[in-house]
Amino acid sequence: MTLDVNLVNPLDDERWEALAEHHPQSSAFHTVGWLRALAQTYGYRPLVLTTARAGESLNNGLLLCAVKSWLTGKRLVSLPFADHCELLLEGQQQAAEFGKWLQAESAAWDYIELRTRSQATLPGAENAQRYWFHELDLAPSLEQLFQSLHKSSIQRKVRRAEKEGLSYEAGRSPHLIEEFYRLLLMTRRRHRLFPQPRNWFTNLTACLGDKLQVRIARKDGAPIAAMITLKHRATVIYKYGCSDERWHQLGGMAFLFWKLIEESKAAGAAIIDFGRSDGDNPGLVIFKDRFGTRRTELVYQRYRNVEARKSAGIGGARMMRRVCSLLPDSLLTISGRLLYRHLG
C-alpha cells in the first residue's frame, strides 16, 4: 500500500480547526491557537500530513513543526513545547503507512520526533526520551478528591494556606501575566533554566482566549505562587507553574492546585492533565503523585537520519543549561528570548 500524503497549512485551512476541535484524541496542543502562538513567538512553520485532498473532508492528520537551529539541529517535531501530541489517524494500518513516509522523509532532517501518548507502533521509529505522565480523574466527589491528596504534604499545606489567609485570583489580564512572569523568572533562575520569552505568554493569551487561565496566590497582596492552565473540551491542562521560594512554607502551589481541582470539577471537566515529569526529577514526580494522579510512562519516538550527528538536539540543550547557570540576572531574560526557540 502506497500512501498518498498531502500537506495542509493548519493556520489557513479551516478543515484542520474542525478536526482539532472534535477528534477524540486531540488536545489543546493541536488547536490553531497554540500553533499560531508558536508561529508568532518562535517562527515555527506548522504543517499537517493527511490523506485528504483539497476540497475533501479532513478525517486524519499528523501535525508537525519544522525547527531549524544551528545549535540543536534541524528537525520536525510533533509538537514543540507540547508535553504530548497524538497522531489524529484512523487505525494502526494508517499509522504504519504514515510511519513509512516519515522514515523516508527523515533523510532531509537530523531527526523527526513524535510525542504521542498512545505509543502507536511506527515502523522504523526508535524510542527517545522517556518521561512520566500524570493525570487526575475528576469523577469522584470533591470530598473524595480531597481525601486522595497526600495528608501530610498536600492536605496540610492547603489548610495552612487557608489559615494564613492566602488570596486567589484567576483571569487573563496583562497584570496577571506580568505577576506570573516575575515569579517565572525566579523559578527558572532557581532551576538553572532559561525563561521562556515574555511574548510567548502574551501571544498564548491572545491566541487561546478564554481557554487559557492565569491563577495567582497572594499573601497580603504580594504574589507568591502562580500557574497557567489550558482547557480543551473536558480536559484541563496544567502547563506552567512558578513560585517565590521565600514563601514555600505557606503552601501556595498546593493551594492553587486545590483551587484548580475545585473549579475544574464545578465546570464539568473530566480530567486534569498534570503534564510530564522527567524521570531524573524525583521531587516533581512525587509532588504530582501526591495529588492522587495516575502515572503512566510517556516515550517519545524518533526517526533519525543515520548520517546526522548522534546527539542532535541534546548536546546543544545541555550546553545552554550550563551557560544559563553562569549568567547574571540582567542577561537571563535577554538570553531566553534569543535562545529558547532552539529548544522546541
>> With n ≥ 4 as the cut-off for DSSP H runs, can you work out [θ] at 222 nm for the chain, using -39500 (n - 2.57) per run divided by the number of residues, rounded to the nearest 500?
In response: -11000 deg cm²/dmol
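If each residue of separation counts as 0.36 nm, what is the full-extension length gain between Asp289 and Ala128 once their alpha-carbon separation is subtracted? Don't skip to the answer; put the middle values down first.
Values: separation 161, 0.36 × 161 = 57.96 nm, distance 2.37 nm.
Value of the extension gain: 55.6 nm.
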>> At 0.36 nm per residue, and after removing the present C-alpha to C-alpha distance, how many nm does the segment from Asn199 to Leu7 gain when stretched out fully?
In response: 66.2 nm
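Determine Rg/Rh for the stretch 79-156; Rg is computed over alpha-carbon atoms and Rh is the Kirkwood hydrodynamic estimate from the same atoms.
Numbers: Rg = 18.7 Å, Rh = 15.8 Å.
Rounded to two decimals, Rg/Rh equals 1.18.
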>> Under a Cβ-only charge scheme (Lys and Arg +1, Asp and Glu -1), can you give me the dipole magnitude of the stretch 165-263 about the Cα centre, in debye to the nearest 20?
In response: 360 debye
> What percent does the relative contact order of the chain come to when contacts are Cα pairs within less than 8 Å and at least six residues apart?
Replying inline: 24 percent
>> How large is the translational diffusion coefficient of the stretch 143-237 in µm² per second when you combine the Kirkwood radius over alpha carbon pairs with Stokes-Einstein at 37 °C and 0.692 mPa s?
In response: 219 µm²/s
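Starting from the Cα gyration tensor of the stretch 134-297, multiply each eigenvalue by 5, take the square root, and state the resulting semi-axes largest first in whole Å.
Working: eigenvalues 98, 71, 58 Å².
Each semi-axis is the square root of five times an eigenvalue, giving 22, 19, 17 Å.
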>> For the chain, compute the orientation-averaged projected area of the C-alpha convex hull (one quarter of its surface), in nm².
In response: 17.4 nm²
>> Please report the spacing between the Cα centers of the stretch 161-187 and the stretch 32-54 in Å, no decimals.
In response: 31 Å
> In straight Cα distance, which aspartates and glutamates are under 18 Å from Lys265, not counting same-chain residues fewer than 8 positions off?
Replying inline: Glu135, Asp137, Glu143, Glu169, Asp210, Asp273
>> Of Leu250, Thr296, Trp200, which is farthest towards the positive pole of the stretch 134-297's charge dipole, taken about the Cα centre with +1 and -1 on the beta-carbons of Lys, Arg and Asp, Glu respectively?
In response: Leu250
> At what distance in nm do the modelled label points of Tyr168 and Glu245 sit from each other, each positioned 7 Å from its Cα along Cα→Cβ?
Replying inline: 2.7 nm
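Counting Lys and Arg as +1 and Asp and Glu as -1, each charge on the Cβ, what is the dipole of the chain about the Cα centre in debye, to the nearest 20?
On the way: 48 positive and 36 negative charges, 292 e Å.
With Lys and Arg at +1 and Asp and Glu at -1, about 1400 debye.
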>> Given the options Ile228, Leu183, Val214, identify the residue whose Cα lies farthest towards the positive end of the charge dipole of the stretch 134-297 (+1 on Cβ of Lys, Arg; -1 on Cβ of Asp, Glu).
In response: Leu183
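Rounded to two decimals, what is Rg over Rh for the stretch 209-307 when you use alpha-carbon atoms and the Kirkwood radius? The partial results should precede the final answer.
Values: Rg = 15.9 Å, Rh = 15.2 Å.
For the stretch 209-307, the value is 1.04.
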> Are any of the pairs Lys163/Lys239; Lys239/Lys259; Lys211/Lys288 more than 25 Å apart by Cα-Cα distance, and if so, which?
Replying inline: Lys163/Lys239
> Highest GNM mean-square fluctuation, the chain, Cα pairs closer than 10 Å: which of Glu263, Glu86, Glu143?
Replying inline: Glu143
> What residues of the stretch 15-34 lie in the reach of a label at Gln40, counting those whose backbone N is under 16 Å from a point 7 Å from the Cα along Cα→Cβ?
Replying inline: 31-34
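Can you pull the Rg over Rh of the stretch 1-128, Cα-only, Kirkwood? Working shown, then result.
On the way: Rg = 13.7 Å, Rh = 14.8 Å.
Across the stretch 1-128, the Cα-based Rg/Rh ratio is 0.93.
Just so you know, all these numbers are worked out from the coordinates, no wet-lab data involved. Note that the structure is predicted; figures quoted are calculated from it, not measured. Here the Cβ is made from the backbone with ideal geometry for all residues, glycine too, and neighbour counts use every protein chain on show.
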